[in-house]
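Heads up: the structure comes next, in structure tokens.
We did not get these values from a lab; they are worked out from the coordinates using the rules stated. This structure is a prediction, so every number in the text was calculated from the model and none was measured. With ideal geometry, Cβ positions are generated from the backbone for all residues, glycine too; neighbour counts draw on all protein chains shown.
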């Protein structure tokens, strides 16, 4: 029995390592795709021979086209991802966005560039929405916020890679070469994912394919439900009991199923509109809206804003480097705190950190201080968004998980769309740079406020907070629990 258990644990660790590595690599290039535009926008503005004449407002709109595509892709993934499966969605969209990057590198006009950026964004959005569900269904309980942070840190790491390559390859290649680098997953990552990325056993079980689910569970070592021995209560949980906010660490909570009329369990977007999920779904979407407005507003316009402050191209790109480095490091550190204390308090805190850092950027500090402030702004923008995805992917039950993450990613992309537009409008209006930072700081504070209103899951049978320690509930069993307001009760 011990030999069998050890074999299962080894298989699970190997599976999780491959899944996390593939998902993180996919989002690395997603992040590269979405940030590389910010590294070349100054060149496109100043050289009409590239795509044609551009002003700041048009450049801001071009930056938003990809994010419109991301929104469409994320919502599409939510509509079909819970029916097609995690593996198919990952493979299809790795190919999609790789081809999109390659064709964009060949664009010769502003309209063609904009259309191709939009189409590329569809693949990016579908991947972002699917990755959270993949991690939630493969990662062990008690570490899901951390593994989500590893995967979604691929996005700021991709931004970091884009910034570094823009500096290193300056004078070696132009913007077309930088975009062509984004097509590499087609020849590197896609073959690896075909070989090493399994379907989710929990998704198969949720789709009624019980025999396939059990067979794949044995092969991969991934349990069909979390064991009671996985994960431990946080210190606050132990001290305050099941009613504490820390108990609502959705990385370790087994969410109740969404149930419709007649007691039928709902899947996809239909589950998000049920009484117990409706308001949290709106609030989680608003959190993502704020996080992505900050992320893409800053990633698109920070080099240009700092360039207007008199910093040369290399220094301006260095600010972008600091922003994404702060997001990577800060997101990973904050995710450990989220697993320990619960994501809600940590996300609210990182939003406030972003606001404070952005206010500091309005002051006349030396370059090293400004770089540190920009790094903390990265923690509170894209670093926060990393935590939001982990928060959301563990908030919903398996049949609605992709839809929940897709809603968060899709609605949040409205913020991503507005970010470049707001920055472009302010620059076109010749507003002082500190005005843009104040506007972004206000958005960060709004995100922190919204986060505080997201409520905990409640168990309808017991009427009290249901808390799990790695899959085992404290106070009330969550297996088969029905959300309040459904009108039904589990047997």
With only alpha-carbon atoms in the gyration tensor, what are the semi-axes of the equivalent ellipsoid for region 313-443, in Å, largest first? 28, 18, 12
Taking 10 °C and 1.306 mPa s as the conditions, I'd like the Stokes-Einstein D for region 379-435 in µm²/s, using the Kirkwood hydrodynamic radius from alpha carbon pairs. 120 µm²/s
If you stretched the chain out fully between residue 46 and residue 79, how much longer would it get, using 0.36 nm times the residue separation minus the C-alpha to C-alpha distance? 7.8 nm
Could you state the per residue volume, in Å³, of the convex hull enclosing the Cα atoms of region 15-104? 98 Å³
Give me 287, 71 sorted ascending by neighbouring Cβ count inside 10 Å, so fewest comes first. 71, 287
For residue 372 and residue 455, calculate 0.36 nm times their separation in residues minus their Cα-Cα distance, and state this gained length in nm to one decimal. 26.5 nm
Starting with the fewest neighbours, write out 408, 194, 290 ranked by other beta-carbon atoms found within 10 Å of each beta-carbon. 194, 290, 408
Inter-label distance, nm, simple model (7 Å from Cα along the C-beta direction), residue 283/residue 13: 3.9 nm
Square roots of 5 times each gyration tensor eigenvalue, C-alpha, region 62-157, largest first, Å: 27, 14, 11
What order do you get for 211, 199 when you list them from fewest to most C-beta neighbours inside 10 Å? 211, 199
Want the number for residue 169 to residue 270: 0.36 nm per residue separation, take away the alpha-carbon distance, what's left? 31.6 nm
